[in-house]
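Note sheet for the following structure.
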Amino acid sequence: MAMGASARLLRAVIMGAPGSGKGTVSSRITKHFALKHLSSGDLLRDNMLRGTEIGVLAKTFIDQGKLIPDDVMTRLALHELKNLTQHSWLLDGFPRTLPQAEALDRAYQIDTVINLNVPFEVIKQRLTARWIHPASGRVYNIEFNPPKAVGIDDLTGEPLIQRDDDKPETVVKRLKAYEVQTQPVLEYYQGEETLAAGVAATHTNLLGENGETQKQFLLPFPPKFERGKNKPRQKAGSIIKY
């Protein structure tokens, strides 16, 4: 939703480990607050699919099994944000490292950061229970959305598979890597008094379809002073736990 020049534009970041429900929560927040949702993963895939200069560059690192460098991800995200200068937005998946957070902070005043603090054991159970039908992409979860017959797709009768990323040993590695990579980012935002809402929840449904809980994340915004610049910085309420 575009906003008038006098309206306060919200710049928000959401963080959470793979399997924390970040995508679900993001969609609910952006729906209820009319924010633009910018997912770095979706943005990356789109650029690679279209064969843009930065997409081709990113693909070379992925094909070599390497992490995409901070400067490449930063260029990608900041370039896209230039198209959203008249909108409030929620960043999902960026920043993921301290250099990315610092680069973002130089370009924009980030108002609030939401961290989905879901216990790793819960995420592990959630991800390792996931099975897919490769031809259609249908996803099953043996705990809350199981197939009618174990290991079989409901519609085709074809076998289901578990992605390598969802196998227990891989999930553990991914979660540990996420923790090492993002902990400095969380500490950075805590120091900036921007990490305003931490959520400890085992079910994303606790965040409410009607947006009431989400309002606790983003409203009200008592003014804070940005470090040394005497500009209003927004900070949401205390940490929310379930």
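The values are calculated or read from the model by the stated rules, or taken from the named source; none is laboratory data. As the structure is a prediction and not an experimental result, all values here were calculated from the model. Cβ: placed from backbone, ideal geometry, glycine included. Neighbour counts: every protein chain shown. For the accessible areas, the whole protein counts, side chains as well, though only heavy atoms, and no ligand, DNA or RNA atoms are used. Shrake-Rupley method; radii C 1.70, N 1.55, O 1.52, S 1.80 Å.
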Problem - Proximal charge balance of LEU38 [Cβ under 10 Å; K/R count +1, D/E count -1] - result: -2
Exercise for the section: Compute, for LYS66, the solvent-accessible surface of its heavy atoms (probe 1.4 Å) with the complete set of protein chains present, and express it in square angstrom to the nearest 10. Expected result: 110
Handout entry: Along principal axes, Cα extents of segment 11-191, largest first, whole Å
Key = 53, 35, 32
Completion exercise
Sorted list, accessible surface of protein heavy atoms, 1.4 Å probe, largest first, for MET73, MET48 is MET48, MET73
Fill in the blank from the handout: Excluding ligands, DNA and RNA, the carbon-plus-sulfur percentage of the accessible area of segment 11-191 with a 1.4 Å probe reads 54
